Amino acid sequence: MTDENIAQTVLSYIDENRDEIIQFLRKLVSFPSVTGDEAGIQKFIAQRLEEMDLEVDVWEPDHEELKKHPAYVPVEGDYKDRPNAVGLYKGKGAPQGKRRETRENSGRFRHTKNC
């Protein structure tokens, strides 16, 4: 599939599902999600990812472990009651190119990159 075909497929999907997309976005922006008040939006996102049949992982980051990471940026407070939600879609067929996944902090930090 060419880039042009992919773009047309995406645009057609958006056109055909416009009302559902708008409804989802309205619900999404209705959640308070300022620092320290992320639990509600993360629960909503996790539920939506499950509805999409993705493999869902929800966890509270370990602040002490994060401090050890070279990309750590100091934050006020900690991450108690501030979960993260991630969805994983496992495609069908053989992977394109090589991929490497690393897991740190008991599998709670993931970074996947193309090699």
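The values are calculated or read from the model by the stated rules, or taken from the named source; none is laboratory data. Predicted model, so just to flag it, every value in this text is computed and none were measured. Please note: Cβ atoms are built from the backbone with ideal geometry, for glycine as well, and neighbour counts cover all protein chains shown.
I'm told Thr35 meets every condition in (1) touching an Asp or Glu at 6+ places or on another chain (Cβ under 8 Å); (2) surrounded by 15 or more Cβ atoms within 10 Å (Cβ to Cβ) except one. Can you identify the failing condition by its number? All conditions pass for Thr35, except number (2). Condition check for Tyr72 on (1) in a loop (DSSP other than H, G, I, E, B); (2) modelled with pLDDT of 90 or more; (3) out of contact with any helix residue (DSSP H, G or I) (no Cβ under 9 Å at 6 or more places or on another chain): one failure, at (3). In the set (1) within 27 Å of Asn84 (Cβ to Cβ); (2) in contact with a Ser or Thr (Cβ under 9 Å, 6 or more places away or on another chain), Leu28 fails one condition alone, (2).
Residue by residue, here is whether (1) farther than 14 Å from Tyr89 by Cα; (2) free of Cβ contacts under 8 Å to residues at least 24 places away in the same chain; (3) assigned to a loop (DSSP other than H, G, I, E, B) holds:
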{"site": "Pro32", "(1), (2), (3)": "yes, yes, yes"}
{"site": "Gly36", "(1), (2), (3)": "yes, no, yes"}
{"site": "Ile41", "(1), (2), (3)": "yes, yes, no"}
{"site": "Phe44", "(1), (2), (3)": "yes, yes, no"}
{"site": "Arg48", "(1), (2), (3)": "no, no, no"}
{"site": "Val58", "(1), (2), (3)": "yes, no, no"}
{"site": "Pro61", "(1), (2), (3)": "yes, no, yes"}
{"site": "Leu66", "(1), (2), (3)": "yes, no, no"}
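Condition (residue is surrounded by 10 or more Cβ atoms within 10 Å (Cβ to Cβ) and in a loop (DSSP other than H, G, I, E, B)) applied to the stretch 1-16: is it met by at least one residue? Looking for residues that are surrounded by 10 or more Cβ atoms within 10 Å (Cβ to Cβ) and in a loop (DSSP other than H, G, I, E, B), one finds none in the stretch 1-16, hence no.
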